[in-house]
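Any read-out appearing in this document is the output of simple, stated calculations on the displayed coordinates, not a laboratory observation. Just so we're clear, the structure is a prediction, and the values are computed from it rather than from any experiment. Here the Cβ is made from the backbone with ideal geometry for all residues, glycine too, and neighbour counts use every protein chain on show.
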Amino acid sequence: MTIPSFSRGQMIREASLTEAALAAVAHCRRDHNRLGFAYQIGFVRLFYRFPAQQPLEVCDELLGFVAMQLNMDAARIDDYAARQHTVSDHQNRIRELLRLTAFGPEQAEALERFLFEESCRLEQTAALLARAREFLRERRVLSPAESALLRTVGEQRRRAREHIVATLAAGLPPGVATALDRLLEVTEGEAVSGLQAIKANPATPSPIAMQGLADKLAAIEATGVLAVDLSWLNANYQRALFHYVRKGSADRLREVARPRRLAALACFLRQSYR
């Protein structure tokens, strides 16, 4: 299991043993058990999950920091790791000591609802992962495996994206939807599609460039998209759809499912008009 990166400041803040933790450590028999118990406290406070048990997941930097606080040899962790039953028992005791809740079906459902709402305003996976970890920490819920967390984020991103594009596309008047579809066509006598003409930017300011800008704004107005209410859609998500169209070609957009295509084009035109 991959150990997330952390700063030394984070380690000192989260893995410094409190008086209560030291008192609990002192109740353990033998040095290797005291070291292992303290190490697991530091691990769960730093990463908000317990280390894997078989074999024991060891973060060398964290182990060294904990061993230093106890004035013990970090190598004693090997004796502790060989006793999987003790490792498991200690995790149960630490969960009670720190008043942590295991990640179960109820917590998974709450996290899914939260991530769906967050995914309606955030697009980046890294940002959603950070929000998921904050959500769990605030509720003192242990984090699931990183792969499970990533899978949940991915599923809720997909659900939110489908919800947004379906809602936006369904709210477009038929005339606006037709006008957006026509932007991908190359009409007779034109060299490029209407979308490409709107995306074009003049290299230098000039009277011709100013006329081109006026024509572009008029073309956007003519679609009727400016009358569509998008106030419910988060600005970050609108910008994400804007960049999706800006980087893509008309040919590529034609292959996209119509609800997503219409939603992306609507956001692109609204952002381009500003």
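With 10 angstrom as the radius, rank Asp89, Asp251 by how many other C-beta atoms surround their C-beta, starting from the fewest. Before the final figure, lay out each step's value.
Working: Asp89 13, Asp251 9.
Lowest to highest Cβ neighbour count: Asp251, Asp89.
In what order do Cys28, Cys120 fall by count of nearby beta-carbon atoms within 10 Å, going from fewest to most? Present the calculation step by step, with values, prior to reporting the outcome.
Working: Cys28 18, Cys120 21.
Ascending Cβ contact count within 10 Å gives the list Cys28, Cys120.
Please give me, ordered by residue number, the trypsin sites (Lys or Arg not before Pro) of the range 1-92 that lie in loop per DSSP and have at most 14 other Cβ atoms within 10 Å. Can you show the working numbers first?
Details: sites: Arg8, Arg13, Arg29, Arg30, Arg34, Arg45, Arg49, Arg76, Arg83; in loops: Arg29, Arg30, Arg49, Arg83.
For trypsin sites (Lys or Arg not before Pro) across the range 1-92 that sit outside H, G, I, E and B with at most 14 neighbouring Cβ atoms in 10 Å, the list reads Arg29, Arg30.
Would you please state which residues of the range 258-274 a label at Ala240 would reach in this model, taking the label point 7 Å out along Cα→Cβ and a backbone N cut-off of under 20 Å?
What the label zone holds, given the 20 Å backbone N cut-off, is 258-272.
Taking each pair of different alpha-carbon atoms in the range 63-180 once, compute 1/r for the pair, average those values, and report the inverse of that mean as the Kirkwood hydrodynamic radius in Å to one decimal. Working shown, then result.
Working: mean 1/r = 0.0563 Å⁻¹.
Computed over Cα pairs of the range 63-180, the Kirkwood hydrodynamic radius comes out at 17.8 Å.
Evaluate Rg over Rh across the range 171-273, taking Cα atoms for both radii and Kirkwood's formula for Rh. Numbers along the way, then the final one.
Numbers: Rg = 13.5 Å, Rh = 14.1 Å.
Ratio of gyration radius to Kirkwood radius: 0.95.
Regarding the range 213-261, what are the three Cα extents along the principal axes, ordered largest first, in Å?
Result for the range 213-261: principal-axis Cα extents of 28, 27, 18 Å.
Go through the range 149-196 and name the GluC sites (Glu not before Pro) that are in a DSSP coil and have 10 or fewer other Cβ atoms within 10 Å of their Cβ. Don't skip to the answer; put the middle values down first.
Details: sites: Glu155, Glu162, Glu185, Glu188, Glu190; in loops: Glu185, Glu188, Glu190.
Sites meeting the loop and neighbour criteria: Glu188.
May I ask you to evaluate 6.51 cos²θ - 1.76 cosθ + 1.60, the Karplus curve with θ = phi - 60°, for each residue of the range 73-81 and list the ³J(HN,Hα) values in order in whole Hz, giving x for glycine and proline?
7, 4, 5, 5, 4, 5, 5, 5, 4
Please compute, over every Cα-Cα pair in the chain, the percentage with a separation greater than 35 angstrom. Each step should come with its number before you reach the end.
Details: 16098 of 37401 pairs.
Here the tail beyond 35 Å accounts for 43 percent of pairs.
Per residue, how big is the convex hull around the C-alpha atoms of the range 105-169? Give it to me in cubic angstrom, could you? Numbers along the way, then the final one.
Values: hull volume 4.8 nm³, N = 65.
So the per-residue hull volume is 74 Å³.
Once phi is turned into θ = phi - 60°, what whole-Hz ³J(HN,Hα) does the Karplus curve with 6.51, -1.76 and 1.60 give for every residue of the range 22-32, x standing for Gly and Pro?
Values, residue by residue: 5, 5, 5, 4, 5, 6, 6, 8, 6, 4, 5 Hz.
Return the Rg/Rh ratio of the range 1-57 with Cα-based radii and a Kirkwood Rh. If you can, show how the numbers build up before the last one.
Working: Rg = 11.9 Å, Rh = 12.1 Å.
A ratio of 0.98.
Quick one: which residues, 5 or more positions from Thr101 or on another chain, have an amide H under 5 Å from its amide H? H modelled 1.01 Å from N in the peptide plane, none for Pro or chain starts.
When sequence neighbours closer than 5 places are left aside, the close amide H contacts are Val141, Leu142.
When the Kirkwood radius is taken over all Cα pairs of the range 8-97, what Stokes-Einstein diffusion coefficient follows at 25 °C and 0.890 mPa s, in µm²/s? Don't skip to the answer; put the middle values down first.
Numbers: Rh = 12.7 Å.
This corresponds to a translational diffusion coefficient of 194 µm²/s.
Mean residue ellipticity at 222 nm from the helices of the chain, using -39,500 (n - 2.57) per DSSP H segment of n ≥ 4 over the full residue count, to the nearest 500 deg cm²/dmol?
Working: 15 runs with 183 residues, N = 274.
Roughly -21000 deg cm²/dmol at 222 nm, from the helical runs in the chain.
In whole Hz, with x marking every Gly and Pro, tabulate ³J(HN,Hα) for the range 33-45 from phi via Karplus 6.51 cos²θ - 1.76 cosθ + 1.60, θ = phi - 60°.
These are the phi-based 3J(HN,Hα) values: 6, 5, 5, x, 4, 5, 4, 5, 4, x, 5, 5, 6 Hz.
At R0 = 22 Å, how high is the FRET efficiency between Ala191 and Ala222 if r is their beta carbon distance? Nearest 0.05 is fine. It would help to have the intermediate numbers written out before the result.
Working: r = 19 Å, r/R0 = 0.88.
Computed FRET efficiency for Ala191 and Ala222 comes out at 0.70.
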